[in-house]
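Engineer: Questions regarding the structure given below will be posed in turn.
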Amino acid sequence: MLQSLIETWFHWVHDWGYWGVIILMAMESSIFPVPSELVVPPAAILASQGGEMTILGVILAGTFGSWLGSAITYWISLWVGRPVIMRYGRYFLMPPDKVERAERFMHRYEGGGIFFARLLPVIRHLISIPAGIIRMGFLKFSVLTIIGSAIWCSVLAVLGEKVGKGLPAAQLAALKAGQGADLTGLIHSVKHEALWIIVAIVLVCVLYFVAMRLTSRGKVTASE
């Protein structure tokens, strides 16, 4: 099942180019479970081999797609409201407990939470929902989403380009032909290359969250 989905998504990127990246990244930033690691790196590999796409174009397409999916989710959440989401969200992979955790995250970390959420797995799929529910300013939401998404897409694109340079000629030929041979192994290679960068990003996020929590406690103590 997963292998079939990976091959389908790869063919979207291969056949549709930037539009495939935009559509898949829009899905990734909404309620659809499309990992960005399966979208941007293969696109970057194809771009690095010469063709209609470029690395910069892949980053821009991925960033725009991420913003588009997040914006759609934001406006839907704002329009339908919290009661509807809490009642029917479970049918769209958004059970009440996940929505409540996302709300607590949003209230605790505010605007900075939007930015860092774009760099964290799972959270980035849901963060647009509480942002819409609490009616966060759309311009602020968009700016933070775009900056965070651009950083994440840049990391994935650079890693994809690096992995592409180390692939055997036969694998590259298969990818360029749209055959997508051994895509699972390709994704594992990307994740291996990304390990230390992802660890660094997570560490920065953790430090931010700890600082926010300590600052919050300091404010509570001062007010008492």
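The values are calculated or read from the model by the stated rules, or taken from the named source; none is laboratory data. Predicted model only: the values in this text are computed from it and were never measured. For neighbour counting, all protein chains shown are included, and Cβ atoms are generated from backbone atoms with ideal geometry for every residue, glycine included.
Engineer: How many residues are under 17 Å from the mean Cα position of the chain (by Cα) and either under 18 Å from Gly166 (Cα atoms) or in a helix (DSSP H, G or I) (or both) when one looks only at the stretch 37-55? Break it down stepwise before answering.
Structural biologist: The first filter runs over the stretch 37-55 and keeps only residues under 17 Å from the mean Cα position of the chain (by Cα), leaving 37-44.
This time we only want the ones that are either under 18 Å from Gly166 (Cα atoms) or in a helix (DSSP H, G or I) (or both), so: 37-38, 40-44.
Count: 7.
Engineer: With the checklist (1) in a helix (DSSP H, G or I); (2) more than 16 Å from the chain's Cα centre (by Cα); (3) aliphatic (A, V, I, L, M) in hand, flag the one item Leu68 doesn't pass.
Structural biologist: (2)
Engineer: Next question, about the same structure. From the list Gly89, Gly112, Gly81, Gly132, which one is surrounded by fewer than 13 Cβ atoms within 10 Å (Cβ to Cβ) and either in contact (Cβ under 8 Å) with a residue 60 or more places away in the chain or among the small types (Gly, Ala, Ser) (or both)? Spell out the reasoning first.
Structural biologist: Details: Gly89 fails: surrounded by fewer than 13 Cβ atoms within 10 Å (Cβ to Cβ); Gly112 fails: surrounded by fewer than 13 Cβ atoms within 10 Å (Cβ to Cβ); Gly132 fails: surrounded by fewer than 13 Cβ atoms within 10 Å (Cβ to Cβ).
Of Gly89, Gly112, Gly81, Gly132, the one residue that is surrounded by fewer than 13 Cβ atoms within 10 Å (Cβ to Cβ) and either in contact (Cβ under 8 Å) with a residue 60 or more places away in the chain or among the small types (Gly, Ala, Ser) (or both) is Gly81.
Engineer: I'm trying to understand the selection: among the residues of the stretch 126-169, which are basic (Lys, Arg) and assigned to a helix (DSSP H, G or I)? Working first, answer last.
Structural biologist: At the first step, the residues of the stretch 126-169 found to be basic (Lys, Arg) are 135, 140, 162, 165.
Passing the criteria: Lys140, Lys162, Lys165.
Engineer: Looking at this structure, is Thr73 of a type in the set (S, T, N, Q), more than 13 Å from the chain's Cα centre (by Cα) and closer than 25 Å to Leu139 by Cα?
Structural biologist: Spelling it out, Thr73 is indeed of a type in the set (S, T, N, Q), more than 13 Å from the chain's Cα centre (by Cα) and closer than 25 Å to Leu139 by Cα.
Conditions tested, residue by residue: (1) touching a strand residue (DSSP E or B) at 6+ places or on another chain (Cβ under 6 Å); (2) modelled with pLDDT of 85 or more; (3) farther than 16 Å from Leu144 by Cβ.
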position: Val21; (1), (2), (3): no, yes, yes
position: Gly51; (1), (2), (3): no, no, yes
position: Ala61; (1), (2), (3): no, yes, yes
position: Pro83; (1), (2), (3): no, no, yes
position: Arg90; (1), (2), (3): no, no, yes
position: Arg101; (1), (2), (3): no, no, yes
position: Phe105; (1), (2), (3): no, no, no
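Engineer: Among the aliphatic types (A, V, I, L, M) and either at pLDDT below 80 or touching a strand residue (DSSP E or B) at 6+ places or on another chain (Cβ under 7 Å) (or both): which single residue out of Leu78, Leu119 fits that description? Let's see the steps before the verdict.
Structural biologist: On the way: Leu78 fails: either at pLDDT below 80 or touching a strand residue (DSSP E or B) at 6+ places or on another chain (Cβ under 7 Å) (or both).
Going through Leu78, Leu119 in turn, just one is among the aliphatic types (A, V, I, L, M) and either at pLDDT below 80 or touching a strand residue (DSSP E or B) at 6+ places or on another chain (Cβ under 7 Å) (or both): Leu119.
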